Amino acid sequence: MGLTPNEFEYISNSYQVGTKDQLLYRFLNLDDNVDQEEINGLLQDCLFVKNDEDIKRIAIILKSLLLVNNAAAPAHARELVQPIWFNYLRNIEVFTITDITILNSILFAFDYQTANEIITKIITNLDNRYPFMKELKANTLINQAIIQMKEHQFKSAVSILNSLQPLLKSLRQYDKLLVANARIAICQNDKQTALEQVDLLQKIGAAKLAKSLKQEVKQFL
């Protein structure tokens, strides 16, 4: 019929996006500065969906996000999401795109060794099964670099970020390219260049990203 499965489902559903796809879209488009009310609204909508493991895992992640801003609860937030890896995804060889996206969203809940184990498995799946998902690979590498930076593995982080630049240029993701440039500067202890990248992000209208990156500059330098 010349249709992808997603197109067929969309048409057979009277040209409406299914509930699961709507929830996945909302989850994937949450940003770092989203308010608790929006997270809670998405969580309540997820709780209405029964017998869908992906949505159950997303609901767990949303519950953990509600705890992140509570100074007494970060450890509990990590405890909520860690079973997603240890009890399920760690034992699966072939990830779905949704699996990879979920794992990318919870990488920072794990210790350094476990996070690297997860990233290695994500990259293997992307290279072998989803080579066309270049944006997802870029996001994974960006996460890997900041994890390396937090462990003061600055040479490794610079290597990842340098290898990432051509991919970001080909994707025309210039905001993320500026982030990569700033993080390279941070790793090289070049505060002026890092802040110049922050300023460029402000000028292209990426205010939230600029604010987050400026906090990184303050944290590391």
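Tabulated results
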item	result
Complete set of residues in the stretch 35-92 that are more than 15 Å from Ser105 (Cβ to Cβ), open to solvent by less than 80 Å² (accessible area, probe 1.4 Å) and hydrophobic (A, V, I, L, M, F, W, C)	Leu47, Val49, Ala73, Ala75, Phe86, Ile92
Some residue of the stretch 160-177 being of a type in the set (Asp, Glu) and open to solvent by 60 Å² or more (accessible area, probe 1.4 Å)	no
Flag if Ala157 is closer than 19 Å to Leu107 by Cα and under 21 Å from the mean Cα position of the chain (by Cα)	yes
Leading residue by the ranking (modelled with the highest pLDDT) among those in the stretch 1-44 that are more than 14 Å from Ala59 (Cβ to Cβ) and among the aliphatic types (A, V, I, L, M)	Leu28
Cross-chain or 6+ apart pairs with Cβ under 6 Å, the stretch 90-112 first and in contact (Cβ under 8 Å) with a residue 24 or more places away in the chain, then in a helix (DSSP H, G or I) and open to solvent by 70 Å² or more (accessible area, probe 1.4 Å)	Ala109/Arg78
Residue check, Thr98 buried (at least 18 other Cβ atoms within 10 Å of the Cβ) and under 12 Å from the mean Cα position of the chain (by Cα)	no
Matching residues in the stretch 110-159 - criterion: being aromatic (Phe, Trp, Tyr) and surrounded by fewer than 17 Cβ atoms within 10 Å (Cβ to Cβ)	Tyr112, Tyr130, Phe132
Residue within the stretch 133-141 that is of a type in the set (S, T, N, Q) and closer than 19 Å to Ile184 by Cβ present	yes
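The values are calculated or read from the model by the stated rules, or taken from the named source; none is laboratory data. As the structure is a prediction and not an experimental result, all values here were calculated from the model. Virtual Cβ from ideal backbone geometry, glycine too; neighbours counted across all protein chains shown. We work out accessible area using only protein heavy atoms, side chains counted, and drop any ligands, DNA or RNA first. Shrake-Rupley method; radii C 1.70, N 1.55, O 1.52, S 1.80 Å.
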